[in-house]
Amino acid sequence: MIGRLKKAGWTIIDDPQEADTIVVNTCSFIESAVEESIDTILELAEYKRQGSCRRMVVAGCLPERYREEILSSMPEVDVFLGTGAFDHIVKAAQDPQFTHQCILPDPDLTPVQDKNADREISQPHMAYLKIAEGCSKGCTYCIIPKLRGKQKSRHPDDIVSEARRLVDQGVKELVLVAQDTTAFGRDLPTPTNLGQLVENISNLKFDGPQNPAESWLRVLYGHPESIEDSFIKAVASFPNVCPYFDIPVQHVSSKVLKHMGRQYTRDDLCRLFDRIRSIVPDAVLRTTLIVGFPGETDKDFRGLMQFAEDIQFDHLGVFIYSDAEDLASHWLSDHVPISTARDRYHQLMSTQSGISSENNRKYLGKTVKVLVEESLEHHLFMGRTNFQAPEVDGISYINTAKSHFHLKIGSFADMRVTDAMEYDLMGEAI
Ligand code: SF4
């Protein structure tokens, strides 16, 4: 949307007080995201009431999920654009005839972006690269397939040429995302897979596995049912692919998994993580788990805790089950009281904090490569290693007091780790 607006002559500014048009892009995946979206809209609507802002547009999953019902409840908003209506953004931002509307095309019929789509990146050194839109799985707690439609993979050539453009612009880390990245390519007329795509992108910038990498490639949001050996082997083969496996498993109790609509068992997961570690010995594992899913007993929860301790994930996120009437899981019996779910959340997070601290200690004294992202103060920079994904994992603090290096934002630096905290690392530039 930003790319389209800029092409139409708009200037993007950060201060809403100065804006002629305010665009709020929303999420409605879980209750807290809905609340945050609504709070943001109401807060920014004040500028419309005061008169400094002439038009207000709300885009994304909130209008898609709550449809016409939000039209009357938010009169300050001129246009709502559903997930498949992003290409109406310019008209929505500037056409006074186009008012009090909610545009909701069927996401299944909306084409995915092509290689010629205008693209703006928010940080010059890191970019998310969407490889597919929608999801063809049917997890009972998840609204995404309803909001985004079935999986529609982009053409691999489009993705590779966008990757090339981004790397040419100076991007040092490309993060491939989709709702179910590891299922990429299965829906295309000529089916392909994520392993092949990773290989094609990796080959863009260097000639073989022995050459030094110039940009990192990271993949987020894999699925235990769709991950294939070809992807794991591609990660093992190309040094610029972060050995990072983000595979949300959500639970391990067979009963809970069945009610979630997920088709695997605890044993399947153990075999999968063993296999990843055998093919990629330095693999970094990340997962997310849901606690308080309807029907989850104390025994189920203890099994989940044991699993986290057995696998020793490098990174682990926990969500408390978020209920809503439009979810299939809402109609399951034995909903877990929120106090119990919160208690389980804290127990799991506390277990993981011990695992993460211990895990981070293994880097003490070692030299790691860091992508420098920010200068915090004199002689102190912030960045990430290839085992720290943006926004969700810990970060690395790089001290340059001894070396007096002036690190360039968006470049790679070597750091000797001197301190390991619960989630973050601290070290000296060398
Ligand atoms: S695989 Fe992920 S996006 Fe798809 S339905 Fe399940 S939780 Fe939702």
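The values are calculated or read from the model by the stated rules, or taken from the named source; none is laboratory data. Keep in mind that what you see is a predicted model, and the values were worked out from it rather than measured. Using ideal geometry, Cβ is built from the backbone for each residue, glycine included, and neighbour counts are taken over all protein chains shown.
Taking every residue in segment 248-262 that is under 17 Å from Gly222 (Cβ atoms) and pairing it with any residue that is more than 14 Å from the ligand (Cβ to nearest atom), at least 6 positions away or on another chain, the pairs with Cβ-Cβ distances below 6 Å are Val249/Leu269; Val252/Arg266; Val252/Gly303; Val252/Leu304; Val252/Phe307. For segment 165-175, the criterion of being of a type outside the set (D, E, K, R), assigned to a helix (DSSP H, G or I) and more than 16 Å from the ligand (Cβ to nearest atom) is satisfied by at least one residue. Restricted to segment 176-214, and to residues there that are modelled with pLDDT of 90 or more and among the charged types (D, E, K, R), the residue that is farthest from the ligand (Cβ to nearest atom) is Glu199. Could you list all residues from segment 120-148 that are assigned to a loop (DSSP other than H, G, I, E, B), within 11 Å of the ligand (Cβ to nearest atom) and not basic (Lys, Arg)? Once the filter is applied, which keeps residues that are assigned to a loop (DSSP other than H, G, I, E, B), within 11 Å of the ligand (Cβ to nearest atom) and not basic (Lys, Arg), segment 120-148 yields Gly134, Cys135, Ser136, Gly138, Cys139, Thr140, Tyr141, Cys142, Ile143.
Taken residue by residue, segment 274-294 has at least one member that is in a strand (DSSP E or B), modelled with pLDDT of 95 or more, within 16 Å of the ligand (Cβ to nearest atom) and hydroxyl-bearing (Ser, Thr, Tyr).
A quick yes/no check of all residues on (1) farther than 29 Å from Leu327 by Cα; (2) surrounded by fewer than 16 Cβ atoms within 10 Å (Cβ to Cβ):
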position: Arg54; (1), (2): yes, yes
position: Val58; (1), (2): no, no
position: Leu62; (1), (2): no, no
position: Glu68; (1), (2): no, yes
position: Val79; (1), (2): no, no
position: Phe98; (1), (2): yes, no
position: Leu109; (1), (2): no, yes
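One residue is enough: does segment 217-230 have a residue meeting the conditions at pLDDT 95 or above, surrounded by 15 or more Cβ atoms within 10 Å (Cβ to Cβ), more than 16 Å from the ligand (Cβ to nearest atom) and part of a loop (DSSP other than H, G, I, E, B)? Checked segment 217-230: no residue is at pLDDT 95 or above, surrounded by 15 or more Cβ atoms within 10 Å (Cβ to Cβ), more than 16 Å from the ligand (Cβ to nearest atom) and part of a loop (DSSP other than H, G, I, E, B).
Only one of Thr40, Thr11 is in a loop (DSSP other than H, G, I, E, B), among the β-branched types (Val, Ile, Thr) and either free of Cβ contacts under 8 Å to residues at least 60 places away in the same chain or surrounded by fewer than 13 Cβ atoms within 10 Å (Cβ to Cβ) (or both); which?
Thr11
The sole residue among Gln196, Gln151 that is in contact (Cβ under 8 Å) with a residue 24 or more places away in the chain, crowded, with 20+ Cβ neighbours inside 10 Å and not aliphatic (A, V, I, L, M) is Gln151.
Just one of (1) over 19 Å from Ser253 (Cα atoms); (2) loosely packed, with under 13 Cβ neighbours inside 10 Å; (3) of a type in the set (S, T, N, Q) fails for Asn360. It is (2).
Could you tell me whether segment 307-329 includes any residue that is loosely packed, with under 13 Cβ neighbours inside 10 Å, assigned to a helix (DSSP H, G or I) and either touching a strand residue (DSSP E or B) at 6+ places or on another chain (Cβ under 6 Å) or not charged (D, E, K, R) (or both)? Checked against the condition, which is being loosely packed, with under 13 Cβ neighbours inside 10 Å, assigned to a helix (DSSP H, G or I) and either touching a strand residue (DSSP E or B) at 6+ places or on another chain (Cβ under 6 Å) or not charged (D, E, K, R) (or both), segment 307-329 yields no hits at all. Mind checking whether some residue in segment 79-95 is within 16 Å of the ligand (Cβ to nearest atom), in contact with an Asp or Glu (Cβ under 6 Å, 6 or more places away or on another chain) and among the polar types (S, T, N, Q)? Checked segment 79-95: at least one residue is within 16 Å of the ligand (Cβ to nearest atom), in contact with an Asp or Glu (Cβ under 6 Å, 6 or more places away or on another chain) and among the polar types (S, T, N, Q). Does Asp268 meet the test of being within 16 Å of the ligand (Cβ to nearest atom) and either acidic (Asp, Glu) or at pLDDT below 95 (or both)? Criteria met by Asp268.
Within segment 355-379, restricting attention to residues that are part of a helix (DSSP H, G or I) and in contact with a strand residue (DSSP E or B) (Cβ under 8 Å, 6 or more places away or on another chain), the residue that is farthest from Met421 (Cα to Cα) is Ile355. Contact map, segment 94-118: residues that are on the phi < 0 side of the Ramachandran plot and in contact (Cβ under 8 Å) with a residue 40 or more places away in the chain paired with residues that are surrounded by fewer than 15 Cβ atoms within 10 Å (Cβ to Cβ) and in a loop (DSSP other than H, G, I, E, B), Cβ distance under 7 Å, separation 6+ or inter-chain. Pairs shown: Leu104/Arg67; Asp108/Lys150.
Are any residues in segment 278-303 under 23 Å from the mean Cα position of the chain (by Cα), surrounded by 15 or more Cβ atoms within 10 Å (Cβ to Cβ) and on the phi < 0 side of the Ramachandran plot, and if so, which ones?
In the first step, residues of segment 278-303 are kept if they are under 23 Å from the mean Cα position of the chain (by Cα); the result is 280, 282-293.
Imposing the further condition that a residue be surrounded by 15 or more Cβ atoms within 10 Å (Cβ to Cβ) reduces the set to 280, 283-293.
Listed by number, the residues that qualify are Val280, Ala283, Val284, Leu285, Arg286, Thr287, Thr288, Leu289, Ile290, Val291, Phe293.
Within segment 273-299, residues that are among the acidic types (Asp, Glu) sit with their Cβ atoms under 6 Å from residues that are in a helix (DSSP H, G or I), at 6+ positions apart or across chains, in these pairs: Glu296/Val256.
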